[in-house]
Amino acid sequence: MADDAPRFSVSRVTRFYVPLLLQGFSQSLSYPLVAGIVTHGAHGVNALTAFSQGQMIMFMIGALGGGLVTTGLVFAKTYFGYVTFKRLNALMMAALLALQCVPALPGLDDWVFGGFFHLPPDLASVARETLLWGVFMNAGFFLRNVPMVVLFNNLESGKSNNATLARIFVTLGFSVVFPRVGLVGPYWGLFALTVGVWVETLLTWLYARPYVALLPNRPDGADAHRRHAALLPSPAALLAEQFNFTLPLALGGFLLASAPLVVAAFVARTAHAADMLAIHYVTLGVANPVAFAALKLQTVSVKFTPEYPGDRRLLAYAVIAGLCLGIIPFLFSTSLVGDWYFGTFQNVPAHILPTARLAIGLYSLIAVIHAVRARIEGIAAAQKRPKAIMCGQIAYTLSLFATLALLLPLGVPGWAMAVTAIFVAPVCVTLAVYAALAVSARAERARAAADR
């Protein structure tokens, strides 16, 4: 444990985690909110399938920068580490936003959306436009990385959460007003999301500015800056160090974000595919916010590292937190909440409404699995072992694919295939990261013994 690391206590961890939990939950809440805008357009609930698939490609590409926040938590604790992190974030943002436009190029878009996803031409056009114009939203996410890291490193998760809540209120306002004035469909849904993201980004920057001025080793004046920089490795070397750390996280994050695309591709090949995809996407709209809230324990685990060998207090905390989070999807499985949310708000057809409620009920335990997984991933990041995290993410993708490939020829309903795979995959992540850390620790002990 680092000397400057905060010490574990339930109250201290809770004060740091609850704003992160709310942030993870509320960030994902934006997407089901705008579903009410999307599904009341010309294509009905089917538009949500195309809208979600365009966004999934955007998130898959954006996930190549998914390790940037963890990189900042580890390296951006001093002024020069912060400056280097800003450069890395800007370079990766430029490259990945350009990459996001590639699947929308004429010719390639037909293969991606019409071929791979089996979307009819009108829905393929919706998915393509969602991906292309989603560049503006994704840019806001990238720019938010820098101030968010500053706030997290100062244990100011509450201020970051305040910015996210502002985003939710803006998106919620659009979701209420737009359908009433006839501004419905996927394009207005994307507009609502984008404006909310940029409001959050601006507020996060405003909150972080005072803490940037207090970064350690910040030189005063140009001369001091040059003298200080002369004592450090070159900017290129500092950038390379951070890039080498984030690269395994980026590759693993890409595989992880590709998982929903893999699920959609398999579900689209099952009987009654349109209904199965609709169930899959509307239930993920509830399950994903809960899962992302549980995954915020990775940030907690980076900041509150084990204080002694065998320290598993945060593991117990993660299990209890996951059980509490699981109450949310369970409520959506009840007729009182589920019939209103899925049937009225999401415009789900009546004949698949009971199945949607059953599926979300099964997701009630997914938060426990993700919370335990997040805790061990945070330990790996704090120990500067991003390859262990990447091993877990590779295990996620492979186990997801294997589960779906096994169930498809057995004739399992598409929604049940998706639920099963989404449960199996994070369990495999957790086991893989534990195994990778154990192998690394054994190798270190062997090298130490050889040196003696």
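The values are calculated or read from the model by the stated rules, or taken from the named source; none is laboratory data. A quick note: this is a predicted structure, and the numbers were derived from the prediction, not measured. Backbone-built Cβ (ideal geometry, glycine too); neighbour counts: all protein chains shown. The protein model used for the area step is the full one, side chains on, heavy atoms only, and it has no ligands, DNA or RNA in it. Shrake-Rupley method; radii C 1.70, N 1.55, O 1.52, S 1.80 Å.
Observations on the model:
- Of every Cα-Cα pair in the range 323-432, the percent that sits beyond 17 Å: 62 percent
- With Cα atoms, 0 to 90° folded angle of helix 313-325 axis to the chain main axis: 20 degrees
- For the chain, accessible area per residue (1.4 Å probe, heavy atoms of protein chains only), Å²: 42 Å²
- Taking only the alpha carbons of the range 40-127, we obtain Rg and Dmax values of 17.5, 52 Å in that order.
- Of every Cα-Cα pair in the chain, the percent that sits beyond 27 Å: 54 percent
- Angle of helix 135-153 to the longest C-alpha principal axis of the chain, folded into 0 to 90 degrees and rounded to 10: 40°.
- Average Cα contact separation per residue, the range 321-383, under 8 Å, 6 or more apart, as relative contact order %: 47 percent
- The length gained by stretching the chain between Leu331 and Ala237 to full extension, at 0.36 nm per residue less their Cα-Cα distance, is 28.7 nm.
- Cα gyration tensor shape of the range 248-326, rounded if a/c is under 1.5, else prolate or oblate by comparing a/b with b/c: prolate
- The calculated FRET efficiency for the pair His272 and Leu172, based on their C-beta separation and a Förster distance of 45 Å, comes to about 0.85.
- The range 1-151 shape via C-alpha gyration tensor axes, a/c threshold 1.5: oblate
- Cα gyration tensor shape of the range 81-183, rounded if a/c is under 1.5, else prolate or oblate by comparing a/b with b/c: oblate
- Portion, in percent, of the accessible area of the chain that falls on carbon or sulfur, probe 1.4 Å: 69 percent
- Principal-axis analysis of the Cα atoms of the chain puts helix 273-295 at an angle of about 30° to the longest axis.
- Each Lys and Arg contributes +1 and each Asp and Glu -1, all at the Cβ; summed about the Cα centre of the range 273-388, the dipole is approximately 580 debye.
- Of all lysines in the structure, those lying under 24 Å Cα to Cα from Lys159, and not within fewer than 8 positions of it along the same chain, are Lys77, Lys86, Lys296, Lys303.
- Kirkwood hydrodynamic radius over Cα pairs of the range 252-402, then Stokes diffusion coefficient at 37 °C and 0.692 mPa s, in µm²/s: 196 µm²/s
- Residue-by-residue Karplus 3J(HN,Hα) for the range 193-198, coefficients 6.51, -1.76, 1.60, Hz, glycine and proline x: 5, 5, 4, x, 4, 6
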